[in-house]
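Every number here is computed from the coordinates shown, using simple stated rules; none is lab data. In this text the structure is predicted, and so the values were computed from the model without any measurement. Don't worry about glycine lacking a Cβ; one is built from the backbone with ideal geometry, like all the others, and counts go over all protein chains shown.
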Ligand SMILES: C[S@@+](CC[C@H](N)C(=O)[O-])C[C@H]1O[C@@H](n2cnc3c(N)ncnc32)[C@H](O)[C@@H]1O
């Protein structure tokens, strides 16, 4: 059983509520707009456990909590995300990554700055809906994505097919630590680019594994960082690299970490 907190809010509140949902360890967010109610949006936030859903709802005016079948609650909603290659169409389901969050926007812009992939490999840590993987594949990268949420992996796989990049992408249900096995590392020279949009705690826990999966001179695009303090913590976690470019959107920060 999982739980949905349903919130009807103004567009201008969406970022702060989504941010609070991520900090509250939600399993995913999806938004539904109604053309008859411009300027407002219904945000649905998933939780695995009722107490967490109740705690989150308690902090938001008018929020309601309902039981949900995760296979059905938003599966039919398709988000559209602008990208230089054209619109990306994403089934959001219970996964994170409808494209509207600042961290996803920063990551999409960073991927666009990478230019044409020309067969380079890219690893997407915490793929969610696959939004970043699909954008990179559209630019010509060969992409592998991972997520610890099995629903996210299934949704990313379907979204890659929906956007005609299924053959350039593969998704696996695992954390980087689970993938960074000695046998795999001995056979591989590492990914040409890594993108990781996830919480600071995940960066800190996974930085060593992520670095070992990355080619030694390759950049790691790190985002999901909230505030300068989290940027400093991330730079310290990915200890052998330095921040070569930093971009931000409000309080959210992205850093491209490069080999010195
Ligand atoms: C902020 S969402 C990013 C989704 C998407 N990449 C985007 O940019 O919109 C973070 C994702 O990281 C996943 N995640 C959390 N811990 C993880 C871990 N240790 N390894 C892999 N994925 C993880 C979550 O399930 C979630 O889908």
### Task
Return the distance in nm (one decimal) between the two label points of a simple spin-label model at residue 8 and residue 113, each offset 7 Å from Cα along Cα→Cβ.
4.1
### Message
For segment 2-68, what does the relative contact order come out to in percent, with C-alpha contacts under 8 Å and a separation of six or more?
### Response
50
### Task
Please tell me the relative contact order of the chain in percent, rounded to the nearest whole number, where contacts are Cα pairs under 8 Å and at least six residues apart.
13
#### Entry: Whether the chain is rounded, prolate or oblate, judged on the alpha carbon gyration tensor where a/c under 1.5 counts as rounded
prolate
### Task
For residue 20 and residue 162, calculate 0.36 nm times their separation in residues minus their Cα-Cα distance, and state this gained length in nm to one decimal.
48.1 nm
### Summary
Fewest to most Cβ atoms within 10 Å: 104, 9 sort as 9, 104
### Percent antiparallel among DSSP beta bridges (both partners in segment 90-217, rounded to 5)
0
### Task
Going by C-beta contacts inside 10 Å, put 192, 147 in order with the fewest on the left.
192, 147
### Query
Taking only DSSP H segments of four or more residues, each worth -39500 (n - 2.57), what value at 222 nm results for the chain once the sum is divided by all its residues, to the nearest 500 deg cm²/dmol?
-9500 deg cm²/dmol
### Message
Compute the helix-to-body angle for 227-237: its Cα long axis versus the longest principal axis of the chain, expressed 0 to 90° and rounded to tens.
### Response
40
### Message
If you take every DSSP beta bridge fully contained in the chain, what fraction is antiparallel? Give it as a percent rounded to 5.
### Response
65
### Message
Relative contact order of segment 72-198, please, whole-number percent, based on alpha carbon pairs below 8 angstrom and at least 6 residues apart.
### Response
24
#### Entry: Proxy reagent accessibility, fewest Cβ within 10 Å first, across 170, 188
188, 170
### Query
With labels modelled as points extended 7 Å from the Cα through the Cβ direction, what inter-label distance (nm, one decimal) is found for residue 50 paired with residue 242?
5.5
